[in-house]
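Visitor: Have a look at this one.
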Amino acid sequence: MRKPAALKAGDTIAIVAPAAVADALAVDSGERALQHAGFQVRLGDSVFRRTGYLAGTDPERRDDLIEAFRDPTVRAIFCARGGYGSGRLLPLLAEALRVDEPKIFVGYSDLTFLLTFLTQQCDIVAFHGPMMADFEKRPQALPRLLALLGGDRSGWNLAGETIVQPGTAEGVLTGGCLSAVVAGLGTPYEIETEGKILFLEDVNEKPYRVDRMLTQLRQAGKLDGVAGVMFGEMAGCSADPNESVNVADVIGQHFANSTHPVVMGIPSGHGVGTATLPLGLRVRLAGQRLSFLESPFGDG
């Protein structure tokens, strides 16, 4: 697995919008915060474009992404927001992102499509972490993200909230937004889970929908050979008042007979979302504790 260089003050960060239309105020606020932290910021041409519910046409969004990876002055690529649309770019990327020098790429939610593509097709460590749309409403997200990307090891150990199944396992970390992971099944870009620590999170999905998606993952064989499973905060994944089953019940039932560790409440992605997870990195899951077993950076 190829690793990017850690981020340093003065580096240039490119902002791209590979999915839904970006919020101009959120991007502007995030840009000022990054500049205040000592970084140069370069906005992609399609960041403020609109083609229906997308931030420009598929070729425009693809070209922004490729240009950011190929620009030698860019050291990191942050996404403006998720929403929908990045999965449409995968057939258009082909060999285009097989660049010689890996770069930091950060996103979550719909960007799970690109995170999986980068780790599996390009062999690049990619980061499941906050986006420009999050920085103003989550005051702790940006400093923690920049600290991790700068090589600070304090973010190398995280804790979930609830142990579903006890145990200890090691493996390469993969995953992202549950609905995006499921949407990729049956395509050339579907997630590889054998022997890996699988991270899953989502937002505003009813328990029965989470049940349906986990059932599909299991029936597709994606839960058979995992080393361990971690769930995020599952923000807003609550039942209607007249329903007695909650999302914790659903997860508990799906993994009741598992022999590998399963934990809930890793704070990455939707929700509080202050933690950043390097996908493609070897990690250890021990009870509630997640630890990085190596540096996410090639110079660390």
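The values are calculated or read from the model by the stated rules, or taken from the named source; none is laboratory data. Keep in mind the model is a prediction, meaning the values are calculated, not measured. Cβ sites come from the backbone with ideal geometry, for glycine too, and all protein chains shown count toward neighbours.
Visitor: Looking only at residues in segment 21-60 that are free of Cβ contacts under 8 Å to residues at least 40 places away in the same chain and among the small types (Gly, Ala, Ser), which one is surrounded by the fewest Cβ atoms within 10 Å (Cβ to Cβ)?
Guide: Gly52
Residue by residue, here is whether (1) surrounded by 24 or more Cβ atoms within 10 Å (Cβ to Cβ); (2) under 17 Å from Val226 (Cβ atoms) holds:
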{"position": "Asn257", "(1), (2)": "no, yes"}
{"position": "Ser268", "(1), (2)": "yes, no"}
{"position": "Gly273", "(1), (2)": "yes, no"}
{"position": "Pro278", "(1), (2)": "yes, no"}
{"position": "Val283", "(1), (2)": "yes, yes"}
{"position": "Gln288", "(1), (2)": "no, no"}
{"position": "Phe297", "(1), (2)": "no, no"}
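Visitor: Pick out the one residue from Arg61, Arg75, Arg70 that is closer than 23 Å to Ala6 by Cβ and modelled with pLDDT of 95 or more.
Guide: Arg75
Visitor: Output the residue which, of all residues in segment 181-207 that are outside any loop (DSSP other than H, G, I, E, B) and without any contact (Cβ under 8 Å) to a residue 40 or more places away in the chain, is surrounded by the most Cβ atoms within 10 Å (Cβ to Cβ).
Guide: That would be Leu200.
Visitor: Taking Ile104, is it in the same structural domain as Leu146 (by TED's automatic domain parsing) and at pLDDT 95 or above?
Guide: yes
Visitor: Looking at Val229, is it assigned by TED's automatic domain parsing to the domain that holds Val182 and not in a loop (DSSP other than H, G, I, E, B)?
Guide: Yes; evaluated as a whole, the condition is true for this residue.
Visitor: Consider Gly273 against the criteria (1) touching a residue at least 60 places away in the same chain (Cβ under 8 Å); (2) over 18 Å from Leu146 (Cα atoms): it satisfies all of them except one. Which criterion is unmet?
Guide: With respect to (1) touching a residue at least 60 places away in the same chain (Cβ under 8 Å); (2) over 18 Å from Leu146 (Cα atoms), Gly273 is out only on (2).
Visitor: A further question on this structure: Do you know which residues across segment 268-300 are more than 16 Å from the chain's Cα centre (by Cα), at pLDDT below 95 and hydrophobic (A, V, I, L, M, F, W, C)?
Guide: If the condition is that a residue be more than 16 Å from the chain's Cα centre (by Cα), at pLDDT below 95 and hydrophobic (A, V, I, L, M, F, W, C), then no residue fits.
Visitor: With respect to the numbered conditions (1) surrounded by 17 or more Cβ atoms within 10 Å (Cβ to Cβ); (2) modelled with pLDDT of 95 or more; (3) more than 24 Å from Ile266 (Cβ to Cβ), which one is the sole condition not fulfilled by Leu93?
Guide: (2)
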